[in-house]
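Okay, structure first, notes after.
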Amino acid sequence: MIRHLTNSLLLLSLATVACRADEIRLKNGDRLNGEIIRMEKDRLTVKLPYADDKVRIDWKQVDCISAERDLTVQLSDYEVLVGPVNCTDGAIRIKSSRAGTTAPISLKELRSVNPATYHGFLTAGGSIATGNTDTKAATLSTLFQVRTKRHRFTVEAKYAYGEADSRTTARNSLGSLKYDFFTTDKVYTYAQTLLEKDSFANLNLRNTEGLGVGYQFFDDRTLNLYAEAGISYFNEDVIEGEDRQDASGRWAVGFDWEAIPDRLKIFHRQEGYYTPSVSGVTLRSDQGVRISLVNDIAANLEVDYRFNSRPEAGKRNSDLLFIMGLTYQYDYW
């Protein structure tokens, strides 16, 4: 009796969960029942009850979605509606507590569903060699970004350390905080602060503050591309010699290109400064590839380049660092 009652309750519970599951109808006739996590940048992410990993579906292959629970839907004109979603003839109706039940809305008019406002990554790499030469190297970098329609905040940090035969050969770090205000969908103004240290470049601390404008050429699932230009003021505290303060022009470009969907991403970020008073140029660029391994973990192969046209006496004007490691990514999609 108890066993039959337990089985009945279990079946009732499963039936209740199934009834409450969101439904995704595909253009090929398939239907999926699960939890809609989000749709953003033409990619629908769904958690299915019978799969451990989240399923990502090309939004162009979706015919309709429905949910008895509240979904946050952002339309192409940035209007936001919250409520249960019903499917009707390849379109949706949203039962909003604020606006009532809407007229049928084409899926082409949807900008996002349950939109996230952040993305970022954490990368760790290093190497150890023993034998005729004992070497160790480690790098750690992270980037976190919050984005709304008009505002974007970016925090970045990076640290590198190297050692050969118990002698330190590299130790540098940087931290950056940046705010972008979008005056249009593409054009934005920015304010940035940058802190840098490099023991082997005679740099105790360099603090740079800057303002400028940027242009977001692309910002979708496949390609993110931007360019910036502005003016910066820096205060440089060196380990040996005279400290200095000066103004410089700044430029920056960057892109992330998903060359193979969900498999291979190619990236490049470059930031440079030109100081007219001494005709000096400093530049840093990070470029490489990320190869997806499992879930949100990717292999990271990266080359970092640093250039200073006016190095301290006895110092080289460029540094090159090769990094192999793992990246944990948490993205919009």
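The values are calculated or read from the model by the stated rules, or taken from the named source; none is laboratory data. All of these numbers come straight from a predicted model, not from anything done at the bench. Glycine also receives a Cβ, built like all others from the backbone with ideal geometry; neighbour counts cover every protein chain displayed. All accessible areas refer to the heavy atoms of the entire protein, side chains included, with ligands and DNA or RNA removed. Shrake-Rupley method; radii C 1.70, N 1.55, O 1.52, S 1.80 Å.
Running Debye on the chain with equal point scatterers at the Cα sites and no solvent, what base-10 log of I(q)/I(0) appears at q = 0.09, 0.12 Å⁻¹? Each listed q maps to, in turn, -0.64, -0.95.
Ranked by the mean number of other Cβ atoms within 10 Å of their residues, highest first, the peptides 140-151, 247-258 fall in the order 247-258, 140-151.
The accessible area of T184, taken with all protein chains in place and a 1.4 Å probe, comes to roughly 70 Å².
Against the chain, whose longest principal axis is taken from its Cα atoms, helix 2-20 shows a tilt of about 70°.
Split the accessible area of the chain by element, probe 1.4 Å, and carbon with sulfur accounts for 56%. Average accessible surface for region 172-242: 51 Å² per residue, computed with a 1.4 Å probe over protein heavy atoms with every protein chain in place. Surface listing: R167, R306 arranged by accessible area from highest to lowest gives R167, R306, probe 1.4 Å. Per residue, region 59-167 exposes 55 Å² of solvent-accessible protein surface, assessed with a 1.4 angstrom probe and all protein chains in place.
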